[in-house]
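Please treat every number below as a calculation from the coordinates, not as lab data. Quick caveat: nothing in here was measured; it's all calculated off a predicted structure. We place every Cβ from the backbone using ideal geometry, glycine too, and count neighbours over all the protein chains shown.
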């Protein structure tokens, strides 16, 4: 049979157990370790970004270097082409000038030959042969005019009574002449010549009034 005191102890113990709330379960978790892991992951991401940025920068530098090398190559090729063109133009110009000189000289050589013959003939000429010498000089003059015509050189028109043209004539003297009008040529001292529209030598003239 249970005593009253035991019953009271049992009843008090039960009331004590029922009045006490159960303790909350807290897992044993180390937050400091989680924080360190997060920092390490962040550092790894930052390093990856920096590596990607460096790779991208290296790639851009490589592209720029390639473009620069290509431009330099093109410039050197263009410079070489220009140098070849310049040297070729100089040679062609020299050859053209040489060919022109040779061509004109070959046309004038017959006149020089005739002048030499006239000089030899004049050494033993008497009064009766003067007319022949004059005929020879006239023949050489016509021959010279024919050569100039063949190479396209024309004599500038200048005769007494012609109107003075400053583009074709060079006035070295002025006179008063009642027979002539103003700015008319009174005399021709030296013939002038032109090639197409280019004046080789102005006709030297005397202008009246």
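Some points to look at:
- Sorted on the mean count of surrounding Cβ atoms within 10 Å across their residues, most packed first, peptides 94-103, 150-159 read 150-159, 94-103.
- Short-range pairs are left out: with C-alpha atoms under 8 Å and at least six residues apart, the relative contact order of the range 154-209 is 46 percent.
- Pairwise inverse Cα distances across the range 154-209, averaged and inverted, put the Kirkwood hydrodynamic radius at 11.0 Å.
- Residue order for 139, 76, fewest other beta carbons within 10 angstrom first, comes to 76, 139.
- Pairwise FRET efficiency - residue 93 versus residue 173, Cβ, R0 = 45 Å, nearest 0.05: 0.65
- Take the convex hull of the alpha carbons in the range 60-151; its mean projected area over all directions comes to 8.6 nm².
- Judged by the ratio a/c of the largest to the smallest principal axis of the C-alpha gyration tensor, the range 71-209 counts as oblate, that ratio being 1.5 or greater while a/b is no larger than b/c.
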